[in-house]
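The values are calculated or read from the model by the stated rules, or taken from the named source; none is laboratory data. A quick note: this is a predicted structure, and the numbers were derived from the prediction, not measured. A quick note on method: Cβ atoms are made from the backbone with ideal geometry, for glycine too, and the neighbour counts reach across all protein chains shown. Protein only, heavy atoms only, side chains kept; ligands, DNA and RNA dropped before computing areas. Shrake-Rupley method; radii C 1.70, N 1.55, O 1.52, S 1.80 Å.
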Amino acid sequence: CQPGRKPRSTVTAAKEFECPECEYHSISPHAWRAHLRIKHSTTPKLAGLALRCECGHETYSATTTHDCDIAIYSVIRKRDGPI
């Protein structure tokens with residue numbers, strides 16, 4: 001992240017977002033969140049999952065604006081257990 005840059009309102013992802021409970025994967029963080037909500041009746045925050053940008057920024061929604069030029073997120077577990 002570079003100070004002084006305008007916040008981004010959209011996120012582009014170069015990685016695949018994988019569901020920890022089933023075989024689902026997507027390149028869109030928004031589709032991944034929708035999958036969790038529809039198929040598993042949960043949200044990333046309730047499931048103990050977060051998205052971490054390569055710059056270290058963490059979010060549950062991938063729509064939080066921050067000063068990163070390239071937002072490439074990875075799914076991380078914030079706590080153990082089932083989603």
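Observations, loosely collected:
- Of the residues making up region 37-44, at least one is modelled with pLDDT of 90 or more, surrounded by 12 or more Cβ atoms within 10 Å (Cβ to Cβ), of a type in the set (S, T, N, Q) and within 16 Å of TYR60 (Cβ to Cβ).
- Leading residue by the ranking (surrounded by the most Cβ atoms within 10 Å (Cβ to Cβ)) among those in region 22-36 that are in a loop (DSSP other than H, G, I, E, B) and under 12 Å from the mean Cα position of the chain (by Cα): SER28
- Among the residues making up region 45-57, those that are surrounded by fewer than 14 Cβ atoms within 10 Å (Cβ to Cβ) and in a helix (DSSP H, G or I) are LYS45, LEU46.
- Inter-residue pairs, beta-carbon under 6 Å, first closer than 22 Å to ASP69 by Cα and in region 30-56, second aliphatic (A, V, I, L, M) and open to solvent by 10 Å² or more (accessible area, probe 1.4 Å), 6+ apart: ALA50/ILE76; ARG52/ILE76; GLU54/ILE72
- In region 14-21 there is at least one residue matching the filter, namely being among the aliphatic types (A, V, I, L, M), out of contact with any helix residue (DSSP H, G or I) (no Cβ under 6 Å at 6 or more places or on another chain), modelled with pLDDT under 70 and part of a loop (DSSP other than H, G, I, E, B).
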